[in-house]
Amino acid sequence: MSSAAAAPLTLMAVHAHPDDESTSTGGLLAHYALRGVRTIVVTCTDGDLGDGPGGVKPGQDGHDPREVAAVRQGELRRACEHLGVSDLELLGYHDSGMAGWGLQDRDNAFCGVPVEHAASRIALLINRYQPQVVVTYDPDSTRHPDHVHAARATTLAVDAGQLVAKLYYKAHGSSYWQRLNQALAEVGIQRAAPSGETLRILETVEQRITTIVDVSQVVDRKRTALHAHASQIGSSLAGKLPTSQYRYAFGTEAYIRTRDTTGTSTPEDDLFTGLGKPQLQLR
Ligand SMILES: [Zn+2]
């Protein structure tokens, strides 16, 4: 028996902050966990610049980064349980904050860590878990510096090895924002439609989408996982959506296939096309 035949189907999602696994790829993780795929979440930062108690922001009274990190680690573990994640790996860097906050020079802030260094740690995890499929952000359209850094490090780690068959970027394109804004409007939250440069970027992302996964079967788990991040939910637009509007906005997840060794055609509706058939687990 060849060892390749015995390798379990494995999906690795590399994220910047606690909660991104739920907001960004929660449907995908729950969808594949339900189909017997081993799912690994790698979280690069401790999220210590997230909201503190009562929504206080970094630098404000009552915001203790160490406390925030501890709370968020507990929330992350609970969210991963809801999503059926097999293994959670924490790289433990500090949150860099948004550009302009002036916090990116802190010791061990993720963005200050050379991308090659972060990539080598992700590569070690790829060697350990042997995922056929890896997912991260789209470095060309995501705005948070930690997300860009995570995406670049992941891409570098995948390209340095020969193990990963397919690499995907999460796509938040124009149709995603349209559905989200529509769902928000239904509950009385009006947001301006994207325009100008933002719209151009979203339309470019939309055109690059190769893969749309129907996650409607697990969308309620994704919502439960999102709400497990209770300390951050006040800042979350998705957190304001009741069940039915949430289902409408988040029932599908779109991805951009950016590396592929299977030669299978796109568009596709399954990240494991060409690698095996994830089977719905009957329990
Ligand atoms: Zn994030």
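Throughout, read-outs are computed from the coordinates displayed, never taken from laboratory work. Predicted, not measured: the structure shown is a model, and the values here were computed from it. Ideal geometry is used to build each Cβ from the backbone, glycine not excepted, and the neighbour counts take in all protein chains shown.
Structure values in brief
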{"item": "Bridge type composition, the stretch 7-260 - antiparallel percent by DSSP, nearest 5", "result": "30 percent"}
{"item": "Added length on full extension, which subtracts the Cα-Cα distance from 0.36 nm per residue, LEU156 to ARG78", "result": "25.1 nm"}
{"item": "Most mobile listed residue (LYS170, LYS240, LYS222) in the chain, GNM with C-alpha springs under 10 Å", "result": "LYS240"}
{"item": "Summed residue charge, Cβ within 15 Å of PRO8's Cβ, Lys/Arg positive, Asp/Glu negative", "result": "+3"}
{"item": "Local electrostatic count at GLY97 - Lys and Arg +1, Asp and Glu -1, tallied over other residues with Cβ under 12 Å", "result": "-2"}
{"item": "Cβ-based exposure ranking for HIS227, HIS31, HIS82, in which fewest neighbours within 10 Å come first", "result": "HIS227, HIS82, HIS31"}
{"item": "Percentage relative contact order, the chain, counting C-alpha pairs under 8 Å, at least six apart", "result": "23 percent"}
